[in-house]
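Here's the structure we're looking at; comments come further down.
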Amino acid sequence: MCGIIGYSGPKQPLPILLAGLSRLEYRGYDSAGIAITDGKNLIIEKKQGKLQVLKDHLSDKKINGNIGIGHTRWATHGVPSDENAHPHYDNNQDFAIIHNGIIENYDEMKEELLKEDYQFESETDTEVVAVELSKRWTGNLLETVCQVAKDLDGTYALVVTTVKQPDTIVAGRMMSPLVLGVGEGEVFLASDSAAILEHTNKMIFLENGDFVEIKDGNYELFDINMNKISREIQEIDWEVSEAEKSGHDHFMYKEILEQAEVIERTITGRLEVGSEEIPVDLKQAKGFEKIWIVACGTAYHAGLFGKDLFEKVLGVSVSVELASEFRYREPIVGENDLAIVISQSGETMDTIAATELLKENNAHVLALVNVVGSSLARMADSVLYLHVGPEIGVASTKAYLGMLVGQLLLAKHWDESSKIETTFEEIKQLPSLIKETLKCESEIKEISKSINNHKDIYFIGRGLDYALAAEGALKLKEISYLHAEALAAGELKHGTLALIEDGTPVIVTASQHHLLDKTTSNVQEVKARGAFVIAIGNNSSKKLQDISNDYVTLPEASEMLSTIVSIIPLQFIAYHVANLNGESIDQPRNLAKSVTVE
């Protein structure tokens, strides 16, 4: 989950590295560091803390060179510290290495190196690789890196440079993302294309087992046996401004506000029957006997939403699975099954591993991802891109909404009997509906003042509203650090009702008209125990409105679209509660954006 940046070309590396790390800090912010070579010396600077600590440390230093690498860390092996920060180096400081992933056999390697009197300054797995490179130096950096990589168990994106071959960077990947940016006489490396988009939109997404040798702004690709290979250059259509705050205090806030614009892109070209933008057509969909939806975190919550849609339109069983659990059991998957794997980054380690299991069992894999050329996109048999642009805030907002809309589009194209009442014409109006819903912000900002000092907050809903409640609770706890719990409203009386007391905030989403009476009854249960109720619904929910302490009214829309836009007030609640409490919204503690380790 760490962030990697690298540069080779005619420009000074340091400004490029620091700018790239600024765009990658969402991937980890426990420490940061850089290594630059000038042909004779290897300069390594690293500091515990957020990137600004390193920037302040370097502010009065002049570091010139021809190539450089940089890293921002999300700690796995070893606590955040200067010593555990990357880059790591060997005992002679001849090699510098940065790494994303986990080397599972580093203990055994370290034990052998200690027997030979090699020394270690850190607690990390990465330093072991640096020392091993020094020990096994062959006179050629690519050859040495490939030889050492053959003995590594686990996952990695490795980037190495050395004073022994000062014009060269060698990088390779195994299950951790690594992107090569191709410019005019210059080459970039990054964990995420957004980090180098200001320099080039031409990207090569390295695949497992790929290694690249970079010299003087040029590159060559190899496999681990040093056989030359080729990979397609892809052009990314994201704008640089999409990866910037554009004057807002936080990326999360900016990304909430731009949801109308990005959902316009999600639906464009996909609202006509028979659209080639829909990767699995009705005829193929009708042939599936079971659907598996596999995802993690926010994407899993989006899958809960899709389950109801796909069961309704196809009449087949749909199972929503946490990827981290799915891969460790023996699911009964067949060749007539459809697997929908969902991920914003397309690099989530557990989802990738689960996808491998699905493919081994011959299921048809359909990926819903945002990042073009990502690992999941390449693994899948079919891909539906979300087209919501880069999402930098750790707490997903626009990508989650894109996942909901993407699944709705699939369901509508598979809806032979019009079981989903929402029409394509109504879906076309969704961006306008989102704009109207965003107007609730000022109301939510006031509501947030009544709940930000509470330690326990409950989210309830029925049917599709429960799926949104789960996501609303996750958003609140991951950026405000308050305990937030979501449950199906009917389950209150089976335990959780015991925790409701005077003033306990209960947030209820009530967009499902056919479940409104039952939901209102559950709200009356918590009101009877003194709960402070915040409800989200439309004008038809007068009874619920009358018994709620605060009521957020959604614009008029079909039931399905009302459910989708109901997430926007929940996103605003999470944002404004965290902001009132002064929390680090874009960089919540202990979390990173792209979970590329188990």
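The values are calculated or read from the model by the stated rules, or taken from the named source; none is laboratory data. All values derive from a computational prediction rather than experimental measurement. Neighbour counts are summed over all protein chains in view; Cβ atoms, including those assigned to glycine, are modelled from backbone coordinates with ideal geometry.
Which one is farthest from Leu544 (Cα to Cα) among residues in region 465-517 that are surrounded by fewer than 15 Cβ atoms within 10 Å (Cβ to Cβ) and touching a Lys or Arg at 6+ places or on another chain (Cβ under 7 Å)?
Per the stated criteria, the residue is His483.
Hey, among the residues in region 64-98 that are farther than 13 Å from Lys50 by Cα and polar (S, T, N, Q), which one's nearest to the chain's Cα centre (by Cα)?
Per the criteria, the residue is Thr76.
Looking for whichever is among the small types (Gly, Ala, Ser), outside the structural domain of Ala194 (by TED's automatic domain parsing) and closer than 22 Å to Pro569 by Cβ here; the options are Gly402, Gly373, Gly389. Which one fits? Step through it out loud before you land on a result.
On the way: Gly373 fails: closer than 22 Å to Pro569 by Cβ; Gly389 fails: closer than 22 Å to Pro569 by Cβ.
The match here is Gly402.
Do you know which residues across region 145-156 are in contact (Cβ under 8 Å) with a residue 60 or more places away in the chain and within 13 Å of Ile224 (Cα to Cα)? Break it down into steps so the answer makes sense when it comes.
Filtering region 145-156 for residues in contact (Cβ under 8 Å) with a residue 60 or more places away in the chain gives 145-146, 149-150, 155.
Those that are in contact (Cβ under 8 Å) with a residue 60 or more places away in the chain and within 13 Å of Ile224 (Cα to Cα): Val145, Cys146, Ala149, Lys150.
Suppose we filter Glu264, Glu258, Glu272, Glu276 for residues that are within 19 Å of the chain's Cα centre (by Cα) and of a type in the set (D, E, K, R); which single one remains? Walk me through it before giving the result.
Details: Glu264 fails: within 19 Å of the chain's Cα centre (by Cα); Glu272 fails: within 19 Å of the chain's Cα centre (by Cα); Glu276 fails: within 19 Å of the chain's Cα centre (by Cα).
After applying the criteria, what remains is Glu258.
Can you tell me which of Ile420, Ile444 is over 20 Å from Leu257 (Cβ atoms) and not hydroxyl-bearing (Ser, Thr, Tyr)?
On the way: Ile444 fails: over 20 Å from Leu257 (Cβ atoms).
Criteria check complete, one pass: Ile420.
Only residues that are surrounded by fewer than 22 Cβ atoms within 10 Å (Cβ to Cβ) and in contact with a helix residue (DSSP H, G or I) (Cβ under 7 Å, 6 or more places away or on another chain): list them for region 298-312, please. Give the derivation first.
Within region 298-312, the subset surrounded by fewer than 22 Cβ atoms within 10 Å (Cβ to Cβ) is 304, 307-308, 311-312.
Listed by number, the residues that qualify are Leu304, Asp308.
Does Phe211 meet the test of being under 19 Å from Gly70 (Cα atoms), aromatic (Phe, Trp, Tyr) and either in contact (Cβ under 8 Å) with a residue 12 or more places away in the chain or in the same structural domain as Asn362 (by TED's automatic domain parsing) (or both)?
Against the criterion (under 19 Å from Gly70 (Cα atoms), aromatic (Phe, Trp, Tyr) and either in contact (Cβ under 8 Å) with a residue 12 or more places away in the chain or in the same structural domain as Asn362 (by TED's automatic domain parsing) (or both)), Phe211 qualifies.
Looking at Ile278, Ile256, Ile293, which is the one that is surrounded by 15 or more Cβ atoms within 10 Å (Cβ to Cβ), touching a Gly at 6+ places or on another chain (Cβ under 7 Å) and not acidic (Asp, Glu)?
Values: Ile278 fails: touching a Gly at 6+ places or on another chain (Cβ under 7 Å); Ile256 fails: touching a Gly at 6+ places or on another chain (Cβ under 7 Å).
It is Ile293.
Being free of Cβ contacts under 8 Å to residues at least 12 places away in the same chain and surrounded by fewer than 24 Cβ atoms within 10 Å (Cβ to Cβ) narrows it down to one residue among Glu360, Glu356; which is it?
Glu360
So which residues in region 400-433 are touching a residue at least 40 places away in the same chain (Cβ under 8 Å) and small (Gly, Ala, Ser), if there are any at all?
Within region 400-433, Gly402, Gly406, Ala411, Ser417, Ser432 qualify.
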